[in-house]
Amino acid sequence: MTGVIVSAFPAIELSIALPLVALLTAILIGGKLAPRLILAVGPLMMALTGIVAWQVAEGDPTRVELGGWEAPLGIALFADGLSSSFLLLTAIIMSAVGIVAMAGFDARDGETSRSYSFWALFYGMWAALNGVFLGADFFNLYVAIELLTITAVGMVALGGTRAAIRYLLFALAGSLAYLTGVVLLYAEAGTLDMSLLAANEGDASVRLVAGGLMTAGLLAKTALFPLHAWLPPAHGGAPAPASAMLSALVVKASFFIIVRLWFDVMPEAAGPVLVQLIGILGGTAILYGSLLALRQARLKMIIAYSTVAQLGYLFLIFPLSGGIAGEMPWAAGAWSGGMFHALAHGLAKAAAFLAAGLIIEALGHDRIDDMKGIARAMPVTVFAFGIAAISLMGLPPSGGFMAKYLMLTAALAGGHVVIALVMMAGGLLAAAYLFRPVNRAFSGSDIPEVAYVAYWRQWVPLILALLAMLLGVVSAGPYEFIQIGRAVTAEVGIE
């Protein structure tokens with residue numbers, strides 16, 4: 001009886017509705033009470049996303065027609081193993097960020113524009129992220145991704161308008177390209193519903209052009225090299241909680257749509273030129289972002305350029321498992337490795353940015369040369385950063401290691417030696433630029449004087465970092481879960 005009730009529970013619809021209600025509530029109650037709202041919304045969202053995951057695990061992928069109107073007239077929401085995984089990742093990270101931000105954006109001593117706007121933007125971003133991960137129509141995804149852009153730009157503006165304007169210009173250009181592709185796709189197929197598009201092969205050449213425009217726009221929002229110029233100043237200058245959400249989740253939303261487009265909707269239109277070009281951009285991003293991270297003097301800028309590099313790994317799945325490569329026996333491992341990397345990177349990068357934010361609170365800056373001995377003053381925070389760094393480097397037994405192992409094995413099995421060498425070089429460079437702040441934090445013998453940071457807040461990034469490690473330890477379960485709803489060829493795995 002309980003199983004029947006849970007199966008029929010409208011968790012998918014509420015996963016979008018609840019943060020929207022929280023958004024309106026945060027606007028109405030103001031900055032003094034809005035920070036406490038996360039104590040209720042966080043557990044509720046964790047429960048809802050857990051129910052969605054349970055529904056997907058117990059049965060087939062779930063599709064909901066809102067209002068009873070079927071596509072192409074109605075709005076549909078869709079949950080499979082991949083979308084449920086990203087939905088749960090979002091709930092974990094947003095809850096953690098909200099808890100840490102309670103102190104930084106508290107208005108008990110007087111409401112400010114920052115304390116008032118942050119929480120409205122926060123819940124708007126949460127609703128937009130869930131809308132992307134559950135969307136089943138490319139126009140509705142456009143609406144969700146635009147709401148996400150608005151909230152993300154607003155978050156960046158809390159740290160400085162110059163970076164926010166640069167971000168906005170890139171995002172607007174990306175939106176124009178994406179919408180142009182959507183219009184062209186609709187003109188060719190007469191629908192934008194993913195399931196209907198996947199069932200109708202259509203004109204491959206038209207779909208390639210439409211998909212190329214959509215992909216170009218989404219790449220600008222994902223900040224893949226060379227469209228990355230907005231990311232380092234935006235992530236480096238924004239408040240640490242905002243940086244954690246931007247790096248861990250926001251850039252993954254546009255990547256998620258690209259994956260849906262080329263792997264689920266029209267894989268037959270992905271020609272060899274397209275998949276190789278995306279792979280080249282991904283490999284270049286790994287090397288370029290890593291080399292620039294080595295040159296940074298500030299902790300947050302190292303983490304920001306690390307995001308540029310780590311995002312490159314995601315797009316290596318295109319030459320490894322996109323297009324005709326999807327028929328190869330190693331394709332499933334490459335695709336799953338990319339999804340694993342997205343999940344592990346989200347947890348580790350959120351932990352790293354939150355840890356950096358707490359260090360800034362304690363020291364008043366994030367200059368690496370002046371962080372000597374901070375590990376003795378804030379052992380939990382520095383330990384959290386170190387654990388997150390292990391996953392970002394791809395060392396065992398972390399989720400980052402499992403992700404890169406799957407992708408590296410697929411690259412070697414498919415004879416992609418260059419990709420394998422780029423991945424190994426990226427791992428070595430990540431170890432080099434992440435070792436610098438850790439080494440400085442443990443250097444010296446004195447305990448520096450720092451401002452007080454509540455001990456419980458320091459545990460939040462540590463929990464996220466440990467979850468990134470746990471993802472690698474129990475990798476078999478998550479690996480099987482993200483396959484739910486995939487094609488048969490994607491369930492084969494590495495042989």
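Read the figures in this text as sums done on the coordinates, not as results from a lab. Note that the coordinates shown come from a computational prediction; the quantities given were computed from them, not determined experimentally. Glycine also receives a Cβ, built like all others from the backbone with ideal geometry; neighbour counts cover every protein chain displayed.
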Worksheet, complete the sentence: If Met45, Met328 are placed from fewest to most neighbouring beta carbons inside 10 Å, the sequence is Met328, Met45
Worksheet item: What fraction of the Cα pairs in segment 373-495, stated in percent, has a spacing above 21 angstrom?
Response: 53 percent
Practice prompt. State, in angstrom, two size descriptors of the chain derived from its alpha carbons: Rg to one decimal place and Dmax to the nearest whole number.
Written response: 21.4, 69
Practice prompt. Determine which lysines satisfy two conditions relative to Lys300: a Cα distance under 17 Å, and not lying fewer than 8 residues away in the same chain.
Written response: Lys349, Lys372
Worksheet entry | Spin-label pair Ala173/Ser205, simplified geometry with 7 Å Cα→Cβ offset, distance in nm | 2.9 nm
Worksheet item: Given H placed on each backbone N at 1.01 Å, which residues far from Asp137 in sequence or on other chains put an amide H within less than 5 Å of it?
Response: Met194
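As a check on your grasp of the helix formula, calculate [θ] at 222 nm for the chain: sum -39500 (n - 2.57) over DSSP H runs of n ≥ 4, divide by the residue count, round to the nearest 500.
-23500 deg cm²/dmol
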Practice prompt. Please find the FRET efficiency linking Thr180 to Trp459, where r is the Cβ-Cβ separation and R0 is fixed at 41 Å, and quote it to the nearest 0.05.
Written response: 0.30
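Thinking of segment 283-495 as a set of Cα atoms, what percent of all their pairs are more than 28 Å apart?
More than 28 Å apart: 30 percent of the Cα pairs in segment 283-495.
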Fill in: Taking N as its residue count, the alpha carbon Rg of segment 151-250 over 2.2 N^0.38 Å
1.28
Item to complete: Would you give the gap between the C-alpha center of segment 153-181 and the C-alpha center of segment 374-428, rounded to a whole Å?
Response: 30 Å
Worksheet item: If you place +1 on the Cβ of every Lys and Arg and -1 on the Cβ of every Asp and Glu, how big does the dipole about the Cα centre of segment 283-495 come out, in debye to the nearest 20?
Response: 440 debye
Item to complete: Extending each Cα 7 Å along its Cβ direction at Val473 and Thr409, get the distance between those two points in nm, one decimal.
Response: 2.1 nm
Worksheet item: Stokes-Einstein D for segment 308-409 at 10 °C, 1.306 mPa s, Kirkwood Rh over Cα pairs, in µm²/s?
Response: 107 µm²/s
Fill in: Cα Rg over Rh - segment 85-168, Kirkwood
1.01
Item to complete: Treat the count of other C-beta atoms within 10 Å as a stand-in for reagent exposure and order Ser321, Ser445, Ser95 from fewest to most.
Response: Ser445, Ser95, Ser321
Worksheet, complete the sentence: Taking the dipole of the chain about the Cα centre (Lys, Arg +1; Asp, Glu -1; charges at Cβ), the one of Gly211, Ile447, Gly159 that reaches farthest to the positive side is Ile447
